[in-house]
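Beneath this line is the structure, given in C-alpha cells, with notes to follow.
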Amino acid sequence: AGKVEFRDVHFSYDPNRKILKGVSFEVPAGKTVAIVGPSGAGKSTISRLLFRFYDVQAGQVLIDGQDIRDVTQESLRAVLGMVPQDTVLFNDTIAYNIRYGRVGAGEEEVRKAAELAQIGPFIAKLPDGYRSMVGERGLKLSGGEKQRVAIARTILKAPPILMLDEATSALDTQTEQEIQAALDLVSKGRTTIVIAHRLSTVISADEIIVLKDGQIAERGTHAALLGKR
Ligand code: ADP
Ligand code: ADP
C-alpha cells in the first residue's frame, strides 16, 4: 500500500495568483518520484497539499485510490512521514524528539533507531538552546546531526509514504552525501516523494518531474531528461 496520486490539481493561496495549474502525477507504491524545479515553482505546495495543510481547489489528491479529504487527519498523518529542510527540535531530549515519530515506542526501539541513524551517543541530551531542570546546557547539533534525528524519527515511525522536502539542501557537500546515503536506506521500499532543486541529487528516482510555474514542464528518468539537454 502507499500509492500517491495527484489528479489535475489546481491550487492558489490567494485568488489572484495560481500556484498549481493542473498537476497530475502518480507515485506507485514503493517507488520514488522526484520533483525538481526553480524556487517558487510550487514544489513545497505539493507537500503541503499531501499533508492537507491546505485543500486543493480543483482536482484530487489520492492515497491508494482514496481522496485524502475523505480520511481523518489522524489516519492521514499515520501513513505520512516527512524529513524537512531544517528539522526543528522540541525542548526535550533527543530520545524524546525521536520517539515523537511513534509515541508509545519503547526505549529499546528508540535506541535502535538512533543507532541506525548514527546519533546513538546523543540521545540523552537536550538540543541546542535548551537547558535542563538541573541547569545542564543543550548539545549543539550540526545541520547533519539534526537531519539524523529526523531520520531516526522516520525509522521509528516507518511510514509507508515519505516526503523529503529539500532534506539535504542546507548541508555542505560532504554532509549532504552522508545524509543522502542515510535517506536512501530509509526510503528503500517506501513510496517516496523527493523535492529537490537540482537534477543531480535525484539520479536514482524512478521518475523525475520538472515543475515550472505550477505546471509539469518535463518528466522522465534522469537519463532520459539529461538526454534531452
Ligand atoms: P517551491 O517549493 O517550488 O520553491 P512553493 O510551493 O514553496 O515553491 O511556493 C510557490 C509559490 O507560492 C511561491 O511564489 C510562494 O511565494 C507562494 N507561497 C508559498 N506559500 C504561500 C502562502 N502561505 N501564502 C501565499 N503565497 C505563498
Ligand atoms: P517550508 O516548506 O517552507 O519549510 P511548511 O509550511 O511546509 O514550510 O512547513 C513549516 C515547517 O514545519 C517545516 O520547515 C518543517 O520543519 C515543519 N513541517 C512541515 N511539514 C511537516 C510534517 N508533515 N511533519 C512535521 N513537521 C513538518
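The values are calculated or read from the model by the stated rules, or taken from the named source; none is laboratory data. Predicted model, so just to flag it, every value in this text is computed and none were measured. Backbone-built Cβ (ideal geometry, glycine too); neighbour counts: all protein chains shown. Note: areas computed on protein heavy atoms with side chains; ligands, DNA, RNA excluded. Shrake-Rupley method; radii C 1.70, N 1.55, O 1.52, S 1.80 Å.
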Can you name the helices of the chain, as whole DSSP H runs, whose Cα span along the helix axis is 18 Å or more and whose Kyte-Doolittle mean is not below 1.0?
none
What is the packing order of peptides 212-223, 25-36, taking the mean over residues of other C-beta atoms within 10 Å and listing the highest first?
25-36, 212-223
How do 189-202, 11-24 rank on mean C-beta neighbours within 10 Å, highest first?
189-202, 11-24
Inter-label distance for A124 and A181, nm, one decimal - labels placed 7 Å from Cα along Cα-to-Cβ:
2.9 nm
Lysines whose Cα lies under 21 Å from that of K140, excluding same-chain neighbours fewer than 8 positions away
K125
I'd like the FRET efficiency for R52 and R219, computed as 1/(1 + (r/R0)^6) with the beta carbon distance as r and R0 of 25 Å, rounded to 0.05.
0.50
Just tell me which lysines come within less than 26 Å, Cα to Cα, of K212; anything on the same chain fewer than 8 places away is out.
K3, K18, K21, K31, K43, K228
In the chain, what percent of the accessible surface is made up of carbon and sulfur (1.4 Å probe, ligands and nucleic acids excluded)?
51 percent
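Can you tell me, using C-alpha contacts under 8 Å and at least 6 residues apart, the relative contact order of region 39-106 as a whole percent? Mind showing how you got there, number by number?
On the way: 20 pairs, mean separation 12.3, N = 68.
Once divided by the residue count of region 39-106, the mean separation gives 18 percent.
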Per residue, how much accessible area does the chain have with a 1.4 Å probe, in Å²?
51 Å²
Expressed in angstrom and rounded, the centroid-to-centroid distance over alpha carbons for region 14-52 and region 90-126 is 31 Å
